[in-house]
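The structure appears below as structure tokens.
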Amino acid sequence: NNQDKIKLERAGIALWSLLSKKRSPTTKMNLFQSVTSALDNTLASDPTAVIFGEDVAFGGVFRCTVGLRDKYGKDRVFNTPLCEQGIVGFGIGAAVAGATAIAEIQFADYIYPAFDQIVNEAAKYRYRSGNLFDCGNLTIRAPWGCVGHGSLYHSQSPEAFFAHCPGIKVVIPRGPVQCKGLLLSCIADQNPCIFFEPKILYRAAVEQVPTEAYTIPLSQAEVIQEGSDVTLVAWGTQIHVLREVANMAQEKLGVSCELIDLQTILPWDTETVCKSVAKTGRLLISHEAPITGGFAAEISSTVQEECFLNLEAPIARVCGYDTPFPHIFEPFYIPDKWKCFDAVKKLISF
């Protein structure tokens, strides 16, 4: 049936990607260098690819495009005016005309002026034209999440706003290997994609990354650690927090946690998450965004519908508070390992 075909196709893509990564030479990269490598691979292989945004010609605030203008020229890597709506609007037009358009929004917090272009134009372009036209070659990159001192306008996690919009894909990596593979998948995907990059990991996360191009399938969660007692679900930076929580739970409580990196927020991998919860009977979801209307709520609702008879405790959400992101009080705002560990204890003792 179709479901089996999809599973086989996904398995084949994942295996091919894995084999490709193993064959390819690797080099040590942090997360921003893996972004640069993915963009370099794209510009080298696709003559229609263009990269544009505020300061990208100079390397960008986080140095993700360093050296690309010198290597590929000012017509392919160039600065734009300080106008997010214009950046995305230009990207839509370039993609419709046949180019591979890669737009950078300097901070995810400033993606809101482009909200109308993304939600009402990019996401609906194929649908409203009856598939005669599309802007599927558009990828929008943006630094995302808290950084330790970003405060109101430089620490937001706006993925839930876009998860409500059919027609786009929303992706968030946890490290350099995933970042490069998922970004290249977004660029190759025939739908407009938003790619949020955890800015606190730009220099903190370091791995051996293949220098050649490879892809990681979208809409496929990764089970990072198998377990039997509690399912932990997160994405981006919070994966590293929950990895510590899983170790603490094993050492202090003898509790076995299964850790899942969602990777793609829209469309998300319901099958992997629900299969895990059916096994463990308990679910904790954590993200930095405010709890009300956060994407954890969508996951909770779906799991409750699909796994109601398997649940041994109410689903737990450990998220940010329903306030603007604070500055000096950031350590109290973010869902740290201690808050998540307390939630695991409550799940087990319910």
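The values are calculated or read from the model by the stated rules, or taken from the named source; none is laboratory data. This structure is a prediction, so every number in the text was calculated from the model and none was measured. Because the Cβ atoms are built from the backbone with ideal geometry, glycine has one as well, and the counts that use them run over all protein chains shown. Accessible surface is based on the protein model in full, side chains and every heavy atom, while ligands, DNA and RNA are left aside. Shrake-Rupley method; radii C 1.70, N 1.55, O 1.52, S 1.80 Å.
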Query raised in the report: Consider Ala114 against the criteria (1) part of a strand (DSSP E or B); (2) within 24 Å of Gly294 (Cα to Cα): it satisfies all of them except one. Which criterion is unmet?
Result: (1)
Report task. Starting from the range 198-221, keep only residues that are farther than 15 Å from Leu182 by Cβ, then list their pairs with residues that are surrounded by 19 or more Cβ atoms within 10 Å (Cβ to Cβ) and of a type in the set (D, E, K, R) whose Cβ atoms are within a distance under 9 Å, requiring at least 6 positions of separation or different chains. Result -> Glu212/Lys21
Requested in this report: Determine whether Gly98 is over 20 Å from the mean Cα position of the chain (by Cα) and part of a loop (DSSP other than H, G, I, E, B).
Outcome: yes
Report task. Return the total of residues in the range 123-171 being in a loop (DSSP other than H, G, I, E, B), open to solvent by 20 Å² or more (accessible area, probe 1.4 Å) and of a type in the set (A, V, I, L, M). Result -> 2
Query raised in the report: Going by the structure shown, is Ala204 open to solvent by 10 Å² or more (accessible area, probe 1.4 Å) and in contact with a Leu (Cβ under 9 Å, 6 or more places away or on another chain)?
Result: yes
Report task. Return the only residue of Glu312, Glu306, Glu244 being within 27 Å of Cys146 (Cα to Cα), surrounded by fewer than 22 Cβ atoms within 10 Å (Cβ to Cβ) and either among the small types (Gly, Ala, Ser) or touching a residue at least 24 places away in the same chain (Cβ under 8 Å) (or both). Result -> Glu244
Query raised in the report: Yes or no: Phe52 assigned to a loop (DSSP other than H, G, I, E, B) and either open to solvent by less than 50 Å² (accessible area, probe 1.4 Å) or within 23 Å of Cys179 (Cα to Cα) (or both)?
Result: no
Query raised in the report: With respect to Val230, is the statement that it is over 30 Å from Asp134 (Cα atoms) and open to solvent by less than 20 Å² (accessible area, probe 1.4 Å) true?
Result: yes
